[in-house]
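Single-structure report; data block below.
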Amino acid sequence: MSDVKEFDTRPTGSPSSESPLAWSFHRRGTPPREASAGVTLREKAFLGHLILRGGAIVLDEAVREVLGITLPARPNTLALDNSGERSIQWLSPDEWLVIVPGGEEFALEGRLRKALGQAHYSIVNVSGGQTVLTLRGEKAREVLMKSTPYDVHPQAFPVGKGVTTVFAKASVVLRRPTEEGWELVVRRSFADYCYRWLLDAAAEYGVIVER
Amino acid sequence: MFHIYCPYCEEHREEEEFHPKGQAHIQRPEDPEACSDETWGDYLFFRDNPRGVHHELWVHAVGCRKFFNITRHTVSYEILETYKMGEQPSVTAKSLSEKDKQAGVQAASGGWQTVGARPESDALNKGARV
Ligand SMILES: [Zn+2]
């Protein structure tokens with residue numbers, strides 16, 4: 001058992017909480033619903049985000065035991081469980097991003113700490129600091145091409161890839177968990193800016209914001 | 001638009017994602033209390049400014065955020081190689097001039113200073129600081 005002090009960042013009871021895009025929705029609302037839209041945007045709010053740091057071999061064992069996913073050891077790769085709801089992404093040679101359904105992250109952190117014991121590692125809960133935006137539709141890739149210098153052609157960016165890169169002068173984690181959709185992991189402080197950028201970039205194709 | 005190969009991400013990335021951080025392979029004096037002011041001053045403030053091959057520290061700031069090394073030519077700006085921290089360069093002013101010699105090319109390195117790494121730069125610095 002580790003001697004690290006843990007606390008659940010998710011409050012008990014049901015106080016109202018606001019996602020990083022709450023302000024944008026409040027201030028600007030969502031664009032009028034169009035009959036046919038090339039791009040569909042949605043926030044996957046309040047998910048559990050953990051940053052895992054340490055040696056790949058040590059972490060892999062714990063992650064497989066606790067999450068049942070093999071740690072993606074290759075650079076710029078992403079691994080998902082069968083349901084597609086839990087994922088681990090390579091961020092750097094000793095750093096991974098774990099995203100799980102909201103509410104699971106605290107228990108998961110505890111189980112990982114237990115499995116890792118006295119190994120040299122760190123786990124940080126960053127759920128409050130970032131949010132996930134999904135981008136779908138036949139013009140989603142066009143919008144990305146306007147926003148990032150990274151090559152998003154299917155040949156260069158297959159399903160299962162994920163990178164941290166420049167996005168509209170901000171930085172995001174861009175990933176492709178499935179054939180149909182892209183995910184952007186956006187920092188809270190950039191969320192409103194990225195949201196507005198995406199609306200603007202997608203306007204010419206028609207955009208639907210799902211809530 | 002130009003791309004730099006990150007040895008940690010193992011792919012070429014847009015230049016915008018990187019920042020240069022100055023000369024590479026600078027060694028901190030092992031015992032700062034015991035070294036001369038001159039050695040300490042060199043370590044803190046003095047950097048090489050070669051015309052030719054330069055080994056530099058860069059960081060993949062909007063990416064894996066790892067530091068790594070680039071061997072770059074300061075005249076042509078050509079990036080000759082990138083390599084991880086803790087590794088030694090395989091391309092140096094010396095290796096390039098030897099390659100030229102083997103190819104029968106007249107060595108163009110006459111006016112070039114060699115790189116930031118020791119011990120060559122030590123000798124250069126000593127010569128320059130009279
Ligand atoms: Zn990198």
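The values are calculated or read from the model by the stated rules, or taken from the named source; none is laboratory data. Predicted model only: the values in this text are computed from it and were never measured. Quick reminder, even Gly has a Cβ in these numbers, built from the backbone with ideal geometry, and neighbours come from all protein chains shown. Remember, those area values only see protein heavy atoms, side chains included, never the ligands or the DNA or RNA. Shrake-Rupley method; radii C 1.70, N 1.55, O 1.52, S 1.80 Å.
In the context of the full protein assembly, A:Asp8 retains an accessible surface of approximately 70 Å², using a probe radius of 1.4 Å and ignoring ligands and nucleic acids. Axis of helix A:188-202 versus longest Cα principal axis of chain A: the two differ by about 30°, to the nearest ten degrees.
Once every DSSP H run of n ≥ 4 in the protein assembly as shown is given -39500 (n - 2.57) and the sum is divided by its residues, what mean residue ellipticity at 222 nm do you get, rounded to the nearest 500 deg cm²/dmol?
Dividing the helical sum by the residues of the protein assembly as shown leaves -7000 deg cm²/dmol.
Ligands, DNA and RNA are left out, and with a 1.4 angstrom probe the accessible area of the protein assembly as shown is 54 Å² per residue. Put A:Met145, B:Met1 in order of accessible area, highest first, and with a 1.4 Å probe you get B:Met1, A:Met145. Take A:Val126: with every protein chain present and a 1.4 Å probe, its accessible area is about 40 Å². Here is the list for the range A:14-75: GluC sites (Glu not before Pro) lying in DSSP coil, each with at most 14 other C-beta atoms within 10 angstrom of its C-beta, are A:Glu18, A:Glu34.
Each distinct pair of alpha carbons in chain A adds a 1/r term; the inverse of their mean, the Kirkwood radius, is 18.0 Å. Of A:Ser83, A:Ser14, the order by accessible heavy-atom surface (1.4 Å probe, DNA, RNA and ligands excluded), from most exposed downward, is A:Ser14, A:Ser83.
Between A:Gly55, A:Gly162, A:Gly128, the Gaussian network model of chain A with springs among Cα atoms under 10 angstrom shows the greatest mean-square fluctuation at A:Gly55. Rolled with a 1.4 Å probe across the full set of protein chains, the surface gives B:Ile26 an accessible area near 50 Å². Between A:Ala168, A:Ala107, A:Ala35, the residue with the greatest mean-square fluctuation in the GNM of chain A (Cα pairs under 10 Å linked by springs) is A:Ala35.
Mind checking which of B:His73, B:Ala24, B:Gly41 is farthest towards the positive end of the range B:1-89's charge dipole, using Cβ charges of +1 (Lys, Arg) and -1 (Asp, Glu) about the Cα centre? It is B:His73.
With a Förster radius of 25 Å applied to the beta-carbon distance between B:Val75 and B:His12, the computed FRET efficiency rounds to 0.65. Could you give the angle, 0 to 90 degrees to the nearest 10, between helix A:56-67's Cα long axis and the longest principal axis of the Cα atoms of chain A? Helix A:56-67 and the main axis of chain A meet at about 80 degrees. In chain A, the portion of solvent-accessible area held by carbon and sulfur atoms comes to 50 percent [1.4 Å probe, whole percent, DNA, RNA and ligands not counted]. Label-to-label distance for A:Lys114 and A:Arg27 is 4.4 nm, based on points extended 7 Å past Cα in the beta-carbon direction. Proximity of backbone amide H atoms, modeled 1.01 Å from N, is registered between B:Gly52 and B:Thr74, B:Val75 at under 5 Å, excluding neighbours fewer than 5 places apart on the same chain. Look at where the Cα atoms of the range A:178-202 and of the range B:1-65 average out, and the two centres are 34 Å apart.
What average count of beta carbons from other chains do you get within 10 Å of the Cβ of residues in A:69-77?
Whole-number average of other-chain Cβ neighbours for A:69-77 is 2.
A loss of 30 Å² or more of accessible area (1.4 Å probe, protein heavy atoms, ligands and nucleic acids excluded) relative to the isolated chain is seen in these residues of the range A:124-164: A:Pro149, A:Tyr150, A:Thr164. May I ask you to give the percent of accessible area on the range B:1-89 that is carbon plus sulfur, with a probe radius of 1.4 Å? It is 49 percent, rounded to a whole number.
In the range A:83-117, burial by the other protein chains removes 40 Å² or more of accessible area from A:Pro93, compared with the chain on its own (1.4 Å probe, ligands and nucleic acids ignored).
Would you please give the FRET efficiency between B:Ala103 and A:Ser83, computed as 1/(1 + (r/R0)^6) with r the Cβ-Cβ distance and R0 = 56 Å, to the nearest 0.05? Computed FRET efficiency for B:Ala103 and A:Ser83: 0.40. For A:Gly137, the residues 5 or more places off, or on other chains, whose built amide H falls under 5 Å of its own are A:Thr40.
What's the total accessible area buried between chains A and B, using a 1.4 Å probe, rounded to the nearest 100 Å²?
1300
Counting 0.36 nm for each residue step from A:Thr9 to A:Glu210 and taking away their Cα separation leaves a gain of 69.7 nm. Between A:Arg136, A:Arg27, A:Arg113, the Gaussian network model of chain A with springs among Cα atoms under 10 angstrom shows the greatest mean-square fluctuation at A:Arg27.
Among the listed pairs A:Lys169/B:Lys66; A:Lys169/B:Lys84; A:Lys161/B:Lys94, a Cα-Cα separation exceeding 30 Å is found for A:Lys161/B:Lys94. Using the Cβ-Cβ distance between B:Glu33 and A:Glu65 with R0 = 56 Å, the FRET efficiency computed as 1/(1 + (r/R0)^6) comes to roughly 0.70.
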